[in-house]
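Values quoted throughout were computed directly from the atomic coordinates according to the rules given, and no laboratory measurement underlies them. Given the structure is predicted, the values throughout are model-derived calculations rather than measurements. Glycine gets a Cβ as well: all are built from the backbone with ideal geometry, and neighbour counts include every protein chain shown.
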Amino acid sequence: MTRMHTQSEAFRDILKIVGRGKKLQRDLTYEEAHQAMQLMLSDEISDTQIGGFLLTMRVKEETADEIHGFVDGARTLMKPMPQPDVDGLVDFGLPYNGKSRTLQSGVIALMLVACAGVPVIVHGADDIPTKSGVGVLNLMRALGYPADQTPDEVCRTIEKTNFGVLNLEQVLPQWTALTPLRHHFGVRTLMNTAEKLLNPANAPRHINGFYHGSYLRRLATTLPGTTANWIVQGEEGSIDMRLGKKTRVYQAVGEEMVETMIDAGDYGFHDPVMLDYPNDAVYHAQTIRRMLEGEDHPLIPQILLTAATMLWMLDASPDIASALTIVQEKWDSGCLRSMLNPI
């Protein structure tokens, strides 16, 4: 029997908890959210039940305990990934649904972070709604990078280059199996939040890009790093600093998110750069290739400032100004071109 025609009594009970109306509904406990996610990633419930649950949670909005339970429920089903033999690995949760209006430059900034000596893993999946924008995987493929390596290969690549890209399908195919269903809704769901927090390599440090300010306090206790956690409210909800503007970054300290405002003007980037990019990974890759081959481009400062901010956040530089000197040197050295060919 396929999941399309299967109904779960256990999941029906969970649906009743959140879907009985304002007077009778309540939030899920951590344990209930954990069970809900495990059931959604199984073959035990119908697409109709999953759809009803995702939309109900969208209206209700997830609590911290629910987010924590959803993430942990998914992580228990992930295939184990070997731990790279590096110090201070950083898990970057860029939005899986990518960027649909602006250049997908964040992942290039992360390559600069890796060039500067900080080990990085970034993960993603294909065609994630609501944007279905240019994400990590399709950009890196368009650049000729092996974005579909096995977990063992990703581990070895991180050890070799300080940088690795993981297709989530390699460790949690049940998650990507739900992608077609997610396209029916036209709105963000709890899965857009949870997928950035999965931390498949169990990295001790974590940074993600997020847009919705109302989630910040809820996320403080759910972020997956054991030694450091940050959220960036960057361009299109990613990690990219805004040129000519201010960008908020938040460090998780206990149950609080401590805000720092990064003003691009303080570093000489006074003028906003407003460039519209088509939702086309090849176009993005061609633009980035020209940059790496020496062509000047108004968004190079964004890549440099984003990488420098990450180095400061990760204590790899005492301040952003010093970090800018580091990343400019790495950019000029051509290290990114060699990093695109790790095999």
For the cross-link pairs Lys60/Lys196; Lys60/Lys131; Lys99/Lys245; Lys22/Lys99, which exceed 25 Å when the distance is taken from alpha carbon to alpha carbon? Lys22/Lys99
Equivalent-ellipsoid semi-axes of the stretch 3-75, from the Cα gyration tensor, Å, largest first: 18, 15, 10
Relative contact order (percent, whole number), the chain, Cα cutoff 8 Å, 6+ residue spacing: 18
Can you list the equivalent-ellipsoid semi-axes of the stretch 175-314, largest first and in whole Å, using the square root of 5 times each Cα gyration tensor eigenvalue? 27, 22, 14
Specify the residue with the greatest mean-square fluctuation among Leu166, Leu190, Leu139, computed from a Gaussian network of the chain linking alpha-carbon atoms under 10 Å apart. Leu190
Kirkwood-based shape ratio for the chain, expressed as Rg/Rh from alpha carbons: 0.97
Cβ-based exposure ranking for Glu255, Glu153, Glu31, in which fewest neighbours within 10 Å come first: Glu255, Glu31, Glu153
Find the relative contact order for the stretch 42-165 and round it to a whole percent, using C-alpha pairs within less than 8 Å whose residues are 6+ positions apart. 26
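In percent, what relative contact order does the stretch 301-343 have, based on Cα pairs under 8 Å that are 6 or more apart in sequence?
32
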Please label the shape of the stretch 40-93 as rounded, prolate or oblate, based on the square roots a ≥ b ≥ c of the eigenvalues of the alpha-carbon gyration tensor (a/c under 1.5 means rounded; beyond that, a/b larger than b/c means prolate, else oblate). oblate
